[in-house]
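A quick write-up on the structure given underneath.
All of the numbers you see were taken from the coordinates with simple rules; none came from a lab. On a predicted model such as this, the values are computed, not experimentally measured, just so you know. Counting neighbours? That spans all protein chains shown, and the Cβs are built from the backbone with ideal geometry, glycine included.
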Amino acid sequence: MRGGRHVVLFAKAPRRGAVKRRLAAGVGDAAALGFYRATLAAAARRLGADPRWTLWLAVTPDRAARNLRVWRFGLRRRTRLHAQGAGDLGRRMAHMFASLPPGPVVIVGGDIPDLDRSHVAAAFAALGRADLVFGPAADGGYWLVGARGVMRRAALFRGVRWSTEHALADTRANVPRGRRVAILPELADVDDAAAWARWRALMHRRRESGRK
């Protein structure tokens, strides 16, 4: 594929009461902020260290793109900041697809605890044979979307019902006929107290397994 590879990590400025509001409603603002900050920082460190792509931290509000101190906890030297722009999630993702330099683009969320470089590498490998790639989440949304070529400017996100179980299905319904779509394995995002409890239980089992 021509052009460089671009990974876009979507992020909100990590401020108490401004991030993970559905999660905060169940576990409190402090716990939600701590989870978000730690998860985002870990993803930025892991993905920003890989020379196979350029990491873009796409931030909101837009003014946060000019304040490096907000993001110092997770930035690598090669990581670039970019404002998400205005509108709903779909408009902001479309903006990133359209505004980056040539090459395949993969967009990921900043709240996926198990996200690592192998998942992103698999997405780029899928884009070697497909026009689009999705990483589905258990709740009907998706933790990753990637596109190459003309699909970077397609109207993929028109009419998508965000934050519902229809998000992935609505997006796939916008894919033009004849375009090839690849699907990655499902990963969990942590959006509410129930998902938080499942994630904490999984972390506990992993720690116990590691001690044996």
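Some notes on this structure:
- Range of Cα positions in segment 9-146 per principal axis (Å), largest first: 44, 34, 29
- Charge dipole magnitude, Cβ of K and R +1, D and E -1 - the chain, Cα centre, debye nearest 20: 800 debye
- Spatial offset of segment 115-158 relative to segment 11-48 amounts to 23 Å, using the alpha carbon center of each.
- Relative contact order (%) - criterion: Cα under 8 Å, at least six apart; region: the chain: 22 percent
- Normalising by residue count, segment 1-60 has a Cα convex hull of 81 Å³ per residue.
- Total formal charge among the other residues, if their Cβ is under 12 angstrom from that of VAL133, Lys/Arg +1 and Asp/Glu -1: +4
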